[in-house]
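Chemist: First, the structure itself, so that you have it in front of you.
Quick note: the coordinates plus some simple rules give every number you see, no bench work behind them. Please read these numbers as outputs of a predicted model, since none were measured by experiment. Neighbour counts run over all protein chains shown; Cβ positions are idealised from the backbone, glycine included.
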Amino acid sequence: MTYSAIRVRATPGTPHSGRAGVAAIVCGVAVAGWVSFGRHLFGIGGDLTIIYATTLGVLFGVLLVLIGLAMRRTELRGFETRALTHTMLIASGVCAFLLGLTIPDSTPIGLQTIISGPNEPALGIAIGIANPLGVVGLATAIIALVLAVKDSRGRVTLVESWDDDEAIAESHAG
């Protein structure tokens, strides 16, 4: 009895318009803008805005735009974007949105966040939540990017086949 496993690349279906990828790009830019400048919408923008824009905003923006481009390429090639890719992308966006609500900025009356203002203990809690949200948001964005790039190349699946030469020989002999 002989077993072999071969790798088979998914065959492309009909190409789609790539709208999901474009939507991911637009949402990615919006999320990056929210993390960078969202506090200004509530009148608590401060000295840390430039730092957030050049670090977190750029990181989220680049990652989410690259994910959107890979998703668009996947659709244009006729491949499917797996549900896990969408899940990681959405998780990253939600974490980034919540980060925008909890990230502190330095104002003339001290540190403030959108959800707490300058009030303690809510300010300390919001600041404590902001760091994990940023880490998880960036980690899920990186995972989504890796998955989206793999999806754009067409998934490889393993196909098992086995040859039962003895059974074939017995059926012909008998």
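Chemist: Work out how far the C-alpha atoms of the range 1-148 reach from end to end along every principal axis, then list the three figures in whole Å, largest first.
Modeler: Extents along the principal axes: 74, 38, 20 Å.
Chemist: For the range 30-40, what does the Karplus curve 6.51 cos²θ - 1.76 cosθ + 1.60, with θ = phi - 60°, yield as ³J(HN,Hα) per residue in whole Hz, taken in order and with x for Gly and Pro?
Modeler: 5, 5, 4, x, 5, 5, 6, 10, x, 5, 5
Chemist: Considering only the other residues whose Cβ falls under 14 Å of the Cβ of residue 112, what net charge follows from Lys and Arg at +1 and Asp and Glu at -1? Could the numbers behind the result be given before it?
Modeler: Working: positive: 39; negative: 47, 105, 120.
Spelling it out: positives minus negatives among the neighbours equals -2.
Chemist: Please get the size of the charge dipole for the range 1-146, origin at its Cα centre, with Cβ charges of +1 on Lys and Arg and -1 on Asp and Glu, quoted in debye to the nearest 20.
Modeler: Working: 8 positive and 5 negative charges, 157 e Å.
Roughly 760 debye, rounded to the nearest 20.
Chemist: Please list, by residue number, every one of the trypsin sites (Lys or Arg not before Pro) in the range 49-133 that is coil in DSSP and has at most 16 other beta-carbon atoms within 10 Å. Mind dumping the intermediate values first?
Modeler: Working: sites: 72, 73, 77, 82; in loops: 82.
The qualifying sites are 82.
Chemist: If you take every residue apart from residue 71 with its C-beta less than 13 Å away from the C-beta of residue 71, what net charge results, scoring Lys and Arg +1 and Asp and Glu -1? Don't skip to the end; give the middle numbers.
Modeler: Numbers: positive: 19, 72, 73, 77, 82, 150, 153; negative: 75, 80, 151.
Charge balance in the 13 Å sphere: +4.
Chemist: So for each of 59-66, 123-130 I average, over its residues, the number of other beta carbons within 10 Å; can you give me the resulting order with the highest mean first? It would help to have the intermediate numbers written out before the result.
Modeler: Working: 59-66: 20.9, 123-130: 16.2.
Output ranking for 59-66, 123-130: 59-66, 123-130.
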